[in-house]
Amino acid sequence: MERIRVLVAKPGLDGHDRGARVVARALRDAGMEVIYTGLRQTPEDIAEAAVQEDVQVVGLSILSGAHNTLVPRVLEQLRARGAGNVLFLVGGIIPEEDVEFLKSAGVHAVFGPGTSTDDIVEFIKSHVKG
Amino acid sequence: MRSVDEIVNGVLEGDTRALARAITMVENEREGYEQVLERIYPHTGKAYVVGLTGAPGVGKSTLVDRLAKFARGHGHSVGILAVDPTSPFSGGAILGDRVRMQSHSGDPGVFIRSLATRGQLGGLSRASGGVIQLMDAAGRDLILVETVGSGQSEVEIMRYAHTVVVVVIAGLGDEIQMIKAGILEIGDVFCVNKADREGSDRTAADLRMLADSCSKGWIPPVVKTQARSGEGVDQLYQAIFGHRQYLESTGDMRHRQLRSAEAGIRDIIIEQVVDRTLDLARAEQVLDELLERLTARQTNPYQAAKHLLNAYGSQILRMCEGDAE
């Protein structure tokens, strides 16, 4: 039986992971298998975990404002490992003006504060077959 | 989708991505997974498999992390299989064991895979046996298997592990809890983790008494650890390899191998015969009808089972012959 597997990861120096946990639970409740790796992951760690866990979706949560540096690095590490084809999502505190840049870097969707978890679930389910 | 050849060759070369893909294939029982397992089987049997079991929160993940680090220090490559429960309501799962396995950043010598139980009881997932074989064939010297941690009935791990470590902490129950059948009986090594907790000495002493009194042959050693600081992990590692030497110097290793080989065959027979019988009966609506009659007490389960075996036995035999060719 196929299940959607999602890596929820927090790169950088954020001090808490409440948002990431809320999303992880919502995805679990939608029937997905969520691999959660905790705070302060390097882009290499995240990409390596995505490969070993063979996920179809990678979701980054970034609150620190470092998204424009961190996101391309994670994508680069994923591509270096042949895993550049995952569905790649970013959430957290992302200013509207940065969304275009992130999308051009390879992010499929950006979910800012106030996003309903249903929208995230819906987006994943419409892009990945479980 | 890559071919069976590519996957098998990749696994045998130790390629991380191929190994990860193969595990998914086996876990989802995707087309071709049996061929993958058939073809890697001759290359298995080299790894040493250690299972860690115990209640939630006793520190299994952290211990696995530290043991892996220790093994890396000795030049062994490591595969980790961490199992977490699937939600019975949504079918989803949060697999969080990696949070406590962060000592291996940038080290390709440690491969970690999280699996959800997907409804399987006994503390492991149905794919566990296959996943262990894949890691073995990929050249991992030491495979650490962390069970769910539901507590008292996690005996499945015995089938796959050469050494089972039962992890406990002080203050989780009295001696009566301890002598209950089940989890403590399967321990080859006992580990009292978080040993700075009050009562740890007492717990260790109780376990030692239990260990001395119950078994013949191997007497499970009791080791106190503080996984977070790493204290005692070297003793735990030595205790595990003491058990390995014991198994190898007596006939017990052979005995375990035979037992697990038989369990492996039994699983496949169940899969091939039981699942196929029910699938066939379901497809022809025979099953529904039978279940109706069963719940109306017009027949009984023994009669119903015999009826299905009679109806589909020969067809399943032909299917098995087809597979064998």
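Tabulated data for the structure shown
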quantity	calculated
Subset of the stretch B:239-253 [assigned to a helix (DSSP H, G or I) and not polar (S, T, N, Q)]	B:239, B:240, B:241, B:242, B:243, B:244, B:246, B:247, B:248, B:252, B:253
Residue in the stretch A:23-34 that is more than 9 Å from every other protein chain (Cβ to nearest Cβ), surrounded by fewer than 22 Cβ atoms within 10 Å (Cβ to Cβ) and at pLDDT 95 or above present	yes
Residue that is farthest from residue A:42 (Cα to Cα), among those in the stretch B:87-119 that are more than 11 Å from chain A (Cβ to nearest Cβ) and in contact with a helix residue (DSSP H, G or I) (Cβ under 8 Å, 6 or more places away or on another chain)	B:109
Sole residue being within 13 Å of chain A (Cβ to nearest Cβ) and either open to solvent by 40 Å² or more (accessible area, probe 1.4 Å) or at pLDDT 95 or above (or both), chosen from B:84, B:65	B:65
Scope the stretch B:1-31; condition within 14 Å of chain A (Cβ to nearest Cβ), farther than 17 Å from residue B:129 by Cβ and open to solvent by less than 70 Å² (accessible area, probe 1.4 Å); matching residues	B:7, B:10, B:14, B:15, B:16, B:17, B:18, B:20, B:21
Every residue from the stretch A:45-71 that is open to solvent by less than 40 Å² (accessible area, probe 1.4 Å) and either touching a Cys at 6+ places or on another chain (Cβ under 8 Å) or assigned to a helix (DSSP H, G or I) (or both)	A:45, A:46, A:47, A:49, A:50, A:51, A:52, A:53, A:67, A:70, A:71
Subset of the stretch A:74-130 (residues that are of a type in the set (Phe, Trp, Tyr) and closer than 14 Å to residue A:62 by Cα)	A:88, A:111
Of all residues making up the stretch B:109-150, the number that are out of contact with any strand residue (DSSP E or B) (no Cβ under 8 Å at 6 or more places or on another chain), at positive phi and open to solvent by less than 10 Å² (accessible area, probe 1.4 Å)	0
Flag for residue A:73 being facing chain B (nearest Cβ under 10 Å) and out of contact with any strand residue (DSSP E or B) (no Cβ under 6 Å at 6 or more places or on another chain)	no
Helices (runs of 4 or more DSSP H) wholly inside the stretch B:1-44 containing at least 3 residues that are touching a strand residue (DSSP E or B) at 6+ places or on another chain (Cβ under 9 Å)	B:16-28
Candidate set: the stretch A:1-30, residues that are of a type in the set (Lys, Arg) and not in a loop (DSSP other than H, G, I, E, B); chosen: the one nearest to residue B:112 (Cα to Cα)	A:5
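The values are calculated or read from the model by the stated rules, or taken from the named source; none is laboratory data. All of these numbers come straight from a predicted model, not from anything done at the bench. Here Cβ is always computed from backbone atoms with ideal geometry, including for glycine, and neighbour counts include all displayed protein chains. The area values use the complete protein model at the heavy-atom level, side chains included, leaving out ligands, DNA and RNA. Shrake-Rupley method; radii C 1.70, N 1.55, O 1.52, S 1.80 Å.
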